[in-house]
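The values are calculated or read from the model by the stated rules, or taken from the named source; none is laboratory data. Please read all numbers here as calculations on a predicted model, not as lab measurements. Cβ placement follows ideal geometry from the backbone for every residue including glycine, while neighbour counts extend to all protein chains displayed.
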Amino acid sequence: MLHRLGFPSVGRHRRFVTAIAIDAVGSGVFMPISMLYFLVATDLSLVQVGAAISLASLIALPAGPLIGSVVDRIGAKQVLLAGNLLQGAGFVAYLVSDSFVAVTVWTVVVTIGRTAFWGSYGNIVVAISVPGEREKWFGFLGALRNVGFALGGLASGVAITIGTQTAYAAVVVVNAASYAVAFLLLLAVPATERSGHDTPAGSWGTVLRDRPYRVLWLAQLAFSLSMMVLNFALPVYATTVLGLPGWVTGAVFTINTIMVGFGQGLAVRAMTGRVRWRILVLTNVFFAVSYVVLLGASLVGIAVGVVVVLVGSVIYTLGELTGGPVTSALEAEAAPEHLRGRYLSMIQLAWNASSTVAPVAFAWLLDVGATPLWFVLLGLALVGAGLSVLVGRVLPLADQPVTNAATEEAGEALGSSAT
C-alpha cells in the first residue's frame, strides 16, 4: 500500500515512524485548543494568554542555534529524546499552571522541546534513509504528520463540544502521554555521528560563511512564510474579510490534509527525473497562482467566493506538496555531516522566525484590506522563485534530479551501519 502511494518501505524503522505518528496525533489534539485551554483553566484574559505564548516564543528563539551545536557534539538521538521529555514535562505542568508567569515559563519549556525535536529530526531522517530517497522519506513523514494532526484535530473537536475544564484537561493529558509513548519508541532510533566539536565559534563561522547555504536559507525563509498562509491568513480572510460560512475554513483544512496525506508520495514520485531547483521554482509558481485566485474571491459574491477559495486552497497545497520534500532533502544533504546539527538549526530558525512574524504581519495587512495581503504574498512568491533559480546556480546538489531510488552503495552503507 505504501509503495503504491509512492512512500518508502518502512522496514526496520517502523518504531520511529510509529513514534512520529503518535507525536503528531497528540500535537494535533492540542493545537486547535491551545488558547482555549488556558482561557478555561486559568483566570487569564485572551490578551494575557496571547502575550504569554508570544513572549515564550520570543524567549525561546535563540534556542535553535544552541541546540544545533548540541546535536553536533552529542548526536541527534539524545537531543530528540530530550525534546520529547521537555514537551511532555511542559504539558504535565500546564495542568497546574494558573498564572501568567507559570504559563509563560512552561510554554518556554515546551517551545524549547519542540525546537529540540525539529533541530534533530532532519539528522535522524538522514540517518535512516539513503541518498536518492531523501525526498521520498521527508515526503512520507510529512504526510504522516499531516494525517496525525488531522486525526488529533477531530478528537479536539469533541473536547471543544463538551467545553468543560475536565474535557480540556483530558486533551492535555493525552498530549503528554503521546510524548511519553513516543519517547519509548524513539529509543530504538539509530544513533547519529558525533563531531565532538569543542570550537563552536569556528564551527559557526563555517556555517555563516557558506554562501550557497545562505542562499538556500533565504529560499527556505520565503517558503516558510508562504507556509504560514494556511494557518494565519486564510481562515481570517475567508471568515472576516469575505464573510464566508465557517465551514469553508474547515473544508480548506480538510482538502489540505487529504491532498498531503494521500498525495504527497505520488507527488514525490512524479518529481522523479526533475531537477530540484526547477521544482522549487514550480512551488513558488503554485503559491503565486493561488494568491491571485484567492484575491479574486474578493471580487465575486459569497456563493462563487466559496468555490474560488476552495480552488485557491487546492493550488496552494500543490505548492506545499512540491516544495516540502525537496527543500528538506536539499537542506539535509547540503550540510556537512559533522556540522549538520548547526546547519539544520539555521533552517529551524527560519521556520521559527516565520511563525513569529507571520501572525502579526498578516493581521496588519488584512486590517488594511484584501489587496495588500495578496499582493505582498505574490511578491514573496516571485522572490522565492528568483531565489530558487539562484540556488540552482550556486548549489550543485540543487542542479541534480530527484531519483527516488537508493544507490546500491548507499544501501550497503546503511545496512552495515545498522549492524
Quiz item: Which residue out of 303, 332, 288 is within 16 Å of the chain's Cα centre (by Cα), in the same structural domain as residue 405 (by TED's automatic domain parsing) and of a type in the set (A, V, I, L, M, F, W, C)?
Solution: 332
Quiz item: Of the residues 373, 377, 366, 339, which single one is touching a residue at least 12 places away in the same chain (Cβ under 8 Å) and either within 24 Å of residue 62 (Cα to Cα) or basic (Lys, Arg) (or both)?
Solution: 339
Practice problem: Please verify whether the stretch 80-100 includes one or more residues that are part of a helix (DSSP H, G or I), modelled with pLDDT under 90, of a type in the set (Val, Ile, Thr) and not assigned by TED's automatic domain parsing to the domain that holds residue 336. | Solution: no
Quiz item: Tally time: how many residues in the stretch 240-253 are part of a helix (DSSP H, G or I) and over 12 Å from residue 298 (Cα atoms)?
Solution: 8
Quiz prompt | Which listed residue, of 376, 326, 314, is within 22 Å of residue 255 (Cα to Cα), surrounded by fewer than 17 Cβ atoms within 10 Å (Cβ to Cβ) and in contact with a helix residue (DSSP H, G or I) (Cβ under 7 Å, 6 or more places away or on another chain) | solution = 314
Quiz prompt | Some residue of the stretch 110-117 being over 18 Å from residue 27 (Cβ atoms) and of a type in the set (Phe, Trp, Tyr) | solution = no
Quiz item: Does residue 258 satisfy the criteria of being assigned by TED's automatic domain parsing to the domain that holds residue 106 and either within 17 Å of the chain's Cα centre (by Cα) or modelled with pLDDT under 90 (or both)?
Solution: no
Exercise. Report, by residue number, each residue of the stretch 71-83 that is of a type in the set (A, V, I, L, M) and surrounded by 22 or more Cβ atoms within 10 Å (Cβ to Cβ).
Key: 71, 76, 79, 80
Exercise. Give the residue that is nearest to residue 177 (Cα to Cα), with candidates limited to residues of the stretch 84-116 that are under 23 Å from the mean Cα position of the chain (by Cα), crowded, with 19+ Cβ neighbours inside 10 Å and touching a residue at least 60 places away in the same chain (Cβ under 8 Å).
Key: 88
Quiz item: Among (1) under 18 Å from the mean Cα position of the chain (by Cα); (2) surrounded by 22 or more Cβ atoms within 10 Å (Cβ to Cβ); (3) not charged (D, E, K, R), which single condition is residue 57 missing?
Solution: (2)
